[in-house]
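What follows is a set of notes on a single structure, which appears directly below.
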Amino acid sequence: MDKIKMITPLVEMDGDEMTRIIWQQLKDILILPYVDLKTEYYDLGLVHRNETDDQVTVDAANATKKYGVGVKCATITPNAARMDEYNLKSMWKSPNGTIRAILDGTVFRSPILVKGIVPYIPTWKKPICIARHAYGDVYKNTEMRVEGGSKAELCVTKPDGTEERSLIFDFKSDGVIQGMHNIDKSISSFARSCFNYALDQHIDVWFATKDTISKTYDHRFKDIFAEIFENEYKDKFEEAGITYFYTLIDDAVARVIRSEGGYMWACKNYDGDVMSDMIATAFGSLAMMTSVLVSPDGIYEFEAAHGTVQRHYYKHLKGEETSTNSVATIFAWTGALKKRGELDKLPELAEFAEKLEKATIKTIEDGIMTGDLYLISTLQNKTKVNTEDFLKAINERLTAML
């Protein structure tokens with residue numbers, strides 16, 4: 001068969017460790033034989049980020065703004081141990097945080113459901129979509145070590161030059177301090193993205209913060225959501241038969257555990273990071289989660305929501321066999337190809353991506369899966385395969401569908 005032609009390139013952001021190995025295998029086995037792939041490539045591996053002083057991450061984000069669709073591999077956010085391992089010039093910030101700040105969107109994450117993988121929460125019958133604000137908070141924080149005897153204050157210099165100060169803490173002994181920020185514009189974009197996505201998916205929206213403790217910062221989120229909903233979306237939600245409500249995040253956690261699923265749970269940035277991992281794991285696996293960043297002006301960046309699978313990578317370097325789940329990475333590619341096909345009016349590209357998703361799910365439901373799923377699958381006849389053989393098994397089904 002002739003390869004499917006593309007018009008506009010995807011922005012391709014390569015990553016680190018085992019997911020980088022899977023990235024290339026996936027393209028070689030599942031995409032390049034069928035698609036005349038056009039990408040603008042950026043190497044976001046930690047080595048190259050260090051060589052470019054992380055400018056490559058900024059360039060990749062700006063390219064995504066230019067072309068409208070990007071697909072990203074999992075990347076390392078370095079800690080002290082990584083500083084030594086990679087001989088880094090600096091402890092570079094999270095690439096995801098940098099990209100999200102530039103695109104200023106909302107991350108939507110939903111579990112990929114397959115037969116044989118039963119959620120750990122017995123009441124969950126439908127997917128729970130996590131909507132994660134993708135700007136500010138801890139990902140753009142400022143931190144300091146504080147010497148005992150110091151006094152820390154929050155100081156804002158107003159446009160007229162006057163200052164407003166508030167005591168944070170009078171340190172009698174050594175400690176640490178952290179400053180975070182957000183902006184009304186980004187919070188408003190977050191709210192509208194959530195409400196629009198809920199209308200598109202026909203699901204309720206739950207939003208949760210801790211405004212009883214954070215009476216200014218978190219309460220600002222609550223107020224903006226309420227104002228936008230009342231003024232712009234209330235009638236639309238009533239017409240669609242869906243609801244919006246706000247609650248404290250600890251109450252939301254209790255409600256989520258008792259629910260049957262089938263709604264959007266909107267969270268601030270770090271809350272969404274933690275809760276999406278919890279949701280993914282409780283549904284079965286971190287590698288069974290879709291993730292897409294959607295900006296207010298219609299920019300899409302698809303990614304795998306999990307890490308770089310460091311332990312498997314070290315096994316791979318020793319020549320040992322690995323059985324690493326590639327489903328989230330596959331769905332990052334299919335999401336990007338579907339969106340590219342939709343925007344460029346290439347139905348054959350979108351249809352190919354749909355079939356690749358179906359082939360992936362069918363492979364698992366046929367009992368062929370990687371080690372993480374093998375341990376939790378309830379299927380009677382199942383086989384654990386290695387990383388590459390899983391991709392080849394998907395390709396057999398994809399070929400049949402095509």
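Key figures
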item	result
Some residue of the stretch 245-262 being of a type in the set (G, A, S), closer than 27 Å to G97 by Cβ and over 24 Å from the mean Cα position of the chain (by Cα)	no
Helices (runs of 4 or more DSSP H) completely within the stretch 218-296 that count 2 or more residues being out of contact with any Cys (no Cβ under 9 Å at 6 or more places or on another chain) and in contact (Cβ under 8 Å) with a residue 60 or more places away in the chain	249-258, 269-283
In the stretch 382-401, the residues that are part of a helix (DSSP H, G or I), within 22 Å of R20 (Cβ to Cβ) and either among the hydrophobic types (A, V, I, L, M, F, W, C) or modelled with pLDDT under 95 (or both)	F390, L391, A393, I394
Residue check for D204: assigned by TED's automatic domain parsing to the domain that holds E239, among the charged types (D, E, K, R) and surrounded by 11 or more Cβ atoms within 10 Å (Cβ to Cβ)	yes
Elements of type strands (runs of 3 or more DSSP E) contained in the stretch 1-75, each with 2 or more residues being loosely packed, with under 15 Cβ neighbours inside 10 Å	none
Qualifying residue in the stretch 226-235 (condition: among the small types (G, A, S) and buried (at least 23 other Cβ atoms within 10 Å of the Cβ))	no
Filter result for A336 (under 28 Å from S276 (Cα atoms), in the same structural domain as E17 (by TED's automatic domain parsing), in a helix (DSSP H, G or I) and touching a Phe, Trp or Tyr at 6+ places or on another chain (Cβ under 6 Å))	yes
Members of the stretch 167-199 that are farther than 30 Å from T106 by Cβ and among the small types (G, A, S)	S173, G175
R132 assigned by TED's automatic domain parsing to the domain that holds M264, among the basic types (K, R), under 30 Å from I112 (Cβ atoms) and surrounded by 15 or more Cβ atoms within 10 Å (Cβ to Cβ)	yes
Which numbered condition E348 misses (of (1) touching a strand residue (DSSP E or B) at 6+ places or on another chain (Cβ under 6 Å); (2) surrounded by 16 or more Cβ atoms within 10 Å (Cβ to Cβ); (3) at pLDDT 95 or above)	(2)
Of all residues in the stretch 300-315 being in contact with a strand residue (DSSP E or B) (Cβ under 8 Å, 6 or more places away or on another chain) and assigned to a loop (DSSP other than H, G, I, E, B), the one that is surrounded by the fewest Cβ atoms within 10 Å (Cβ to Cβ)	H306
One residue from A208, A226 being touching a helix residue (DSSP H, G or I) at 6+ places or on another chain (Cβ under 7 Å) and at pLDDT 95 or above	A208
Any chance I117 is touching a Phe, Trp or Tyr at 6+ places or on another chain (Cβ under 7 Å) and among the β-branched types (V, I, T)	no
Top-ranked residue in the stretch 106-129 [being of a type in the set (F, W, Y) and buried (at least 18 other Cβ atoms within 10 Å of the Cβ); ranked as nearest to the chain's Cα centre (by Cα)]	F108
Matching option when the condition is in contact with a Cys (Cβ under 9 Å, 6 or more places away or on another chain), free of Cβ contacts under 8 Å to residues at least 40 places away in the same chain and farther than 26 Å from K185 by Cα, among G15, G45	G45
Selected residue (only one of G179, G148, G161 is of a type in the set (G, A, S) and without any contact (Cβ under 8 Å) to a residue 24 or more places away in the chain)	G161
Where L379 falls short, out of the listed (1) surrounded by 19 or more Cβ atoms within 10 Å (Cβ to Cβ); (2) part of a loop (DSSP other than H, G, I, E, B)	(1)
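The values are calculated or read from the model by the stated rules, or taken from the named source; none is laboratory data. Values in this document were obtained by computation on a predicted structure and should not be read as measured data. All Cβ positions, glycine included, derive from the backbone under ideal geometry; neighbour counts span all protein chains shown.
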